[in-house]
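K.L.:
Please find one structure pasted underneath; my questions will follow.
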Amino acid sequence: MAVTTSPYASDALPGGTVDAVVIGGGAAGLNGALMLARSRRSVVVIDSGSPRNAPAEAMHGFIVLDGTPPREILRRGREQVRQYGGHIVFGEVASAEPAAPSADGDLRFTITLTDGRSVTARRVLVATGLRDVLPEVPGLAGHWGHGVVHCPYCHGWEVRDEPIGILATGPASIAHALLFRQLTEDLIYFTHGTHLDEDTRARFAARSIRIVDTLVREVISDEDGTLAGVRLTDGQVVARRVLAVATQMQARIEGLDGLKLPMEDLPDNMGRRFASGMAGTTEVPGVWVAGNATDLTAQVGASAAAGALAGSHINGLLATADTDAALAAAQGETPAPDVPARHRPTARPHPAMRAAPTPSLGDRRCSGADSTCPF
């Protein structure tokens, strides 16, 4: 269901090796890149320009930015990453795979785009997001993001008091119905071939949620193109202004096979995601994941926070790797690491500011108000 946005001015792909490549230019990817760029890391964001929320008129549920159009949020994000020296490259990844390590043993990855360009990175953050898979009901996809919605927190207030229908796709739709019942008194649950036990039917009846067991044949529209309702297989038309659908959510994996990232299936056929640990770590050294690619239910705020945490974790481990390489070089064991000039310190730091071992993620010592800070 991705919608490609209009291409914007794309940066040139840097030559040489960069500290990190972020695959995905949504909230998670841009916030991860922001943390890295602000830490004076060379970072490249590869953005395909197809955000999940492109059809939506506004983003909701995130303080300060509530009601802001998704494209405007991404525009600001790209601008802020560039402000700190990060590069935003419009393109699609054809392949991403490990490369030969550097002379000092540091990890390397090669990211190749579909147009043949490539870049080498020390670390990779995968923030590709997900793809919503809708039921194959004629007319449904054309209303996606407007008359057809999926999240009561993203869209619920905007459709309050409307006649809403739940087009069931599985067990998750039951909870969906209870959440949307909070928003309207006119709610119909279309089982559409899914099972609904007697206990759930009784609970729905107690909340005045009507149940229709006849299959939905198609979604119908008014003359102005807005959603008007559904036509059942027996020919009956049921008027509705909004349909809520619990989509199957599939992490976007195109071009990433070479990384061999483990994946997990969610229960009840809800979707498939990249497996990850704390701060977006994966079983593949040097590769992190963040946002909807691993947390399928995360909203914009949660995805951005996950990207920030992953970015800070990447920076911390790069700092350790830089120090290990510098120590080995000082002891005559390996060549000195190739650190880009703009990332070299301009003066000897005060002893109190010298690098300390990266604390564990459970050692939350930061006194600031930033909840994404691992320190």
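The values are calculated or read from the model by the stated rules, or taken from the named source; none is laboratory data. Model, not experiment: these values are computed from the prediction. With ideal geometry, Cβ positions are generated from the backbone for all residues, glycine too; neighbour counts draw on all protein chains shown. Calculation scope for accessible area: heavy atoms of the full protein, side chains included, ligands and nucleic acids excluded. Shrake-Rupley method; radii C 1.70, N 1.55, O 1.52, S 1.80 Å.
K.L.:
For helix 27-38, report the angle its Cα long axis makes with the longest principal axis of the Cα atoms of the chain; keep it between 0 and 90° and round to the nearest 10°.
P.N.:
Approximately 20 degrees, to the nearest 10.
K.L.:
Let me ask something additional. Could you sort Ser95, Ser118, Ser173 by accessible area so the largest value comes first, with the probe set to 1.4 Å?
P.N.:
Ser118, Ser95, Ser173
K.L.:
Going by amide H atoms built from the backbone, whose H comes under 5 Å of the H on Arg272, apart from near neighbours?
P.N.:
Met249, Gln250, Ala251, Leu266
K.L.:
Would you mind calculating the gained length between Ala54 and Glu185 on full extension (0.36 nm times residue separation, minus the Cα-Cα distance), in nm to one decimal?
P.N.:
44.2 nm
K.L.:
Right, something else. Starting from the Kirkwood radius over alpha-carbon pairs of the stretch 98-207, derive D by Stokes-Einstein at 20 °C in a medium of 1.002 mPa s and give it in µm² s⁻¹.
P.N.:
The Stokes-Einstein estimate is 120 µm²/s.
K.L.:
Rounded to whole Hz and in sequence order, give me ³J(HN,Hα) for the stretch 297-310 from the Karplus expression 6.51 cos²θ - 1.76 cosθ + 1.60, θ = phi - 60°, writing x for Gly and Pro.
P.N.:
Result, ordered by residue: 9, 5, 7, 4, x, 5, 5, 4, 5, 5, x, 4, 5, 5 Hz.
K.L.:
Here's another thing I want to ask about it. May I ask what percent, to the nearest 5, of DSSP beta bridges between residues of the chain are antiparallel?
P.N.:
45
K.L.:
Filter the GluC sites (Glu not before Pro) in the stretch 147-248 down to the DSSP loop ones having no more than 16 other Cβ atoms within 10 Å, then list what survives.
P.N.:
In loop regions of the stretch 147-248 (DSSP not H, G, I, E or B), the sparsely surrounded GluC sites (Glu not before Pro) are Glu185, Glu223.
K.L.:
In debye, nearest 20, what is the charge dipole magnitude of the stretch 91-210 about its Cα centre with +1 on Lys and Arg Cβ and -1 on Asp and Glu Cβ, if you could check?
P.N.:
Computed charge dipole of the stretch 91-210: roughly 160 debye.
K.L.:
What FRET efficiency do you get for Arg75 and Thr110 if R0 is 41 Å and r is their Cβ-Cβ distance, rounded to the nearest 0.05?
P.N.:
After rounding to 0.05, the efficiency reads 0.90.
K.L.:
How much length is gained on full extension from Gln83 to Ala9, taking 0.36 nm per residue of separation minus their Cα-Cα distance?
P.N.:
Value of the extension gain: 25.2 nm.
K.L.:
Rounded, prolate or oblate: which one fits the stretch 199-247, using the alpha carbon gyration tensor with axes a ≥ b ≥ c (rounded when a/c is under 1.5, else prolate when a/b beats b/c, else oblate)?
P.N.:
Taking the square roots of the gyration eigenvalues as a ≥ b ≥ c, the stretch 199-247 is prolate.
K.L.:
Now, a different point. Hey, what angle do you get for helix 70-83 against the long axis of the chain, alpha-carbon based, 0 to 90 degrees rounded to 10?
P.N.:
The two axes meet at around 0 degrees.
K.L.:
Could you list which residues have their amide H under 5 Å from that of Met59, counting only those 5 or more apart in sequence or on another chain, with H placed in the peptide plane?
P.N.:
Amide H neighbours of Met59, under 5 Å, 5+ apart: Gly67, Thr68.
K.L.:
Report the extension gain between Ala175 and Asp199 in nm, rounded to one decimal, defined as 0.36 nm multiplied by the number of residues separating them, less their alpha carbon distance.
P.N.:
7.3 nm
K.L.:
Something else: Take the alpha carbon atoms of the chain, find their radius of gyration, then divide it by 2.2 N^0.38 Å using N residues; give the quotient.
P.N.:
Normalised Cα radius of gyration, the chain: 1.14.
K.L.:
Under a point-charge model restricted to the Cβ atoms of Lys and Arg (+1) and Asp and Glu (-1), what is the dipole moment magnitude of the stretch 88-131 relative to its Cα centre, in debye to the nearest 20?
P.N.:
I would put it at about 120 debye.
K.L.:
While we're here: If we count every other residue with Cβ under 9 angstrom of Ala251's Cβ, Lys/Arg +1 and Asp/Glu -1, where does the sum land?
P.N.:
+4
K.L.:
Also, I was wondering about something else. Could you tell me which of Val44, Ile164, Thr323 has its Cα farthest along the dipole of the chain towards the positive end, charges placed at Cβ (Lys, Arg +1; Asp, Glu -1), taken about the Cα centre?
P.N.:
Of the listed residues, the answer is Thr323.
K.L.:
Shifting gears a bit: With +1 on each Lys and Arg Cβ and -1 on each Asp and Glu Cβ, how big is the dipole of the chain about its Cα centre, in debye rounded to the nearest 20?
P.N.:
Around 1140 debye, computed over the chain.
K.L.:
Can you give the accessible area of Trp288 in Å² (nearest 10), computed on protein heavy atoms with a 1.4 Å probe?
P.N.:
Rounded to the nearest 10, that gives 10 Å².
K.L.:
7 Å from Cα along Cα→Cβ at both Ala329 and Asp224: what's the point-to-point distance in nm?
P.N.:
In this crude spin-label approximation the distance works out to 6.6 nm.
K.L.:
Could you check the spin-label model distance between Ile63 and Gln236? Points 7 Å from the Cα along Cα→Cβ, value in nm.
P.N.:
4.7
K.L.:
Further question: Quick check: pseudo-label points 7 Å beyond the Cα along Cα→Cβ at Glu136 and Glu264, how many nm apart are they?
P.N.:
3.0
K.L.:
Give the accessible surface of the chain per residue, rounded to a whole number of Å², with probe radius 1.4 Å and ligands, DNA and RNA excluded.
P.N.:
Counting only protein heavy atoms, the per-residue value for the chain is 49 Å².
K.L.:
Still on this structure, please answer the following. Given H placed on each backbone N at 1.01 Å, which residues far from Glu218 in sequence or on other chains put an amide H within less than 5 Å of it?
P.N.:
Close amide H contacts, sequence-distant or interchain: Arg231.
K.L.:
Is the shape of the stretch 23-94 best called rounded, prolate or oblate, per the rule: a/c under 1.5 gives rounded, else a/b larger than b/c gives prolate, else oblate, with a ≥ b ≥ c the square roots of the Cα gyration tensor eigenvalues?
P.N.:
oblate
K.L.:
Would you work out which of Gly129, Met249, Gly235 lies farthest towards the positive end of the dipole of the stretch 103-259, given +1 charges on the beta-carbon of Lys and Arg and -1 on that of Asp and Glu, about the Cα centre?
P.N.:
Checking the options against the dipole of the stretch 103-259, the answer is Gly129.
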